[in-house]
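The next block holds one structure in the form of C-alpha cells; read it before the comments.
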Amino acid sequence: MPLATIKTSEKVLLTMLTKDAKGNTVPKSDPIGWTTSQPSILGLLPNGMASDTQFVAAIGPVGVADVTVTDGKGLTKTVQVEVVVGPAVSLDVTAGTPSPA
C-alpha cells in the first residue's frame, strides 16, 4: 500500500525519522541519501531544507515508484508513492479513416 498518492501535477514532502528499538525518535545520522526506483514516474526535487526531508514530484506518467532513504549508519527505509491521473486541463479531437458516404 502506498505511503502517499499524488496526482500527475503534484508533489509531496517526505520526512525521515530515526527511531530506536522502542520507537523513540533519536538524532539522525548524516549523510542522508534519497533515491527513486522509477525516475520517469517520480522525481526528487531540490528542497533547500534539512536532509531528512525530500520533496518528490510526479514527472508525467501514472504508476508506482519506490523511494528509498538511507542514513549515515546504513539504515534504510523504502516506501511507495503512487502517481494517479490528474484533473482534465484540455480537450483533444482526432479523426478516423475517411470512408465513402
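Could you grab me the full set of residues in segment 70-101 that are touching a residue at least 40 places away in the same chain (Cβ under 8 Å) and among the charged types (D, E, K, R)?
Asp71, Lys73, Lys77, Glu82
What number of residues within segment 10-26 are of a type outside the set (Asp, Glu) and surrounded by fewer than 13 Cβ atoms within 10 Å (Cβ to Cβ)?
10
Being modelled with pLDDT under 95 and of a type outside the set (A, V, I, L, M) narrows it down to one residue among Lys77, Lys28; which is it?
Lys28
Does segment 63-71 contain at least one residue that is exposed (fewer than 11 other Cβ atoms within 10 Å of the Cβ) and out of contact with any helix residue (DSSP H, G or I) (no Cβ under 7 Å at 6 or more places or on another chain)?
Checked against the condition, which is being exposed (fewer than 11 other Cβ atoms within 10 Å of the Cβ) and out of contact with any helix residue (DSSP H, G or I) (no Cβ under 7 Å at 6 or more places or on another chain), segment 63-71 yields no hits at all.
Could you grab the pairs with beta carbons closer than 9 Å, sequence gap of 6+ or different chains, first residue in segment 1-22 and of a type in the set (D, E, K, R), second one in a loop (DSSP other than H, G, I, E, B)?
Taking only residues 6 or more apart or on different chains, the pairs are Lys7/Val85; Lys7/Gly86; Lys7/Pro87; Glu10/Gly86.
The values are calculated or read from the model by the stated rules, or taken from the named source; none is laboratory data. Bear in mind the structure is a predicted one, so any value in this text is a computation, not a measurement. Using ideal geometry, Cβ is built from the backbone for each residue, glycine included, and neighbour counts are taken over all protein chains shown.
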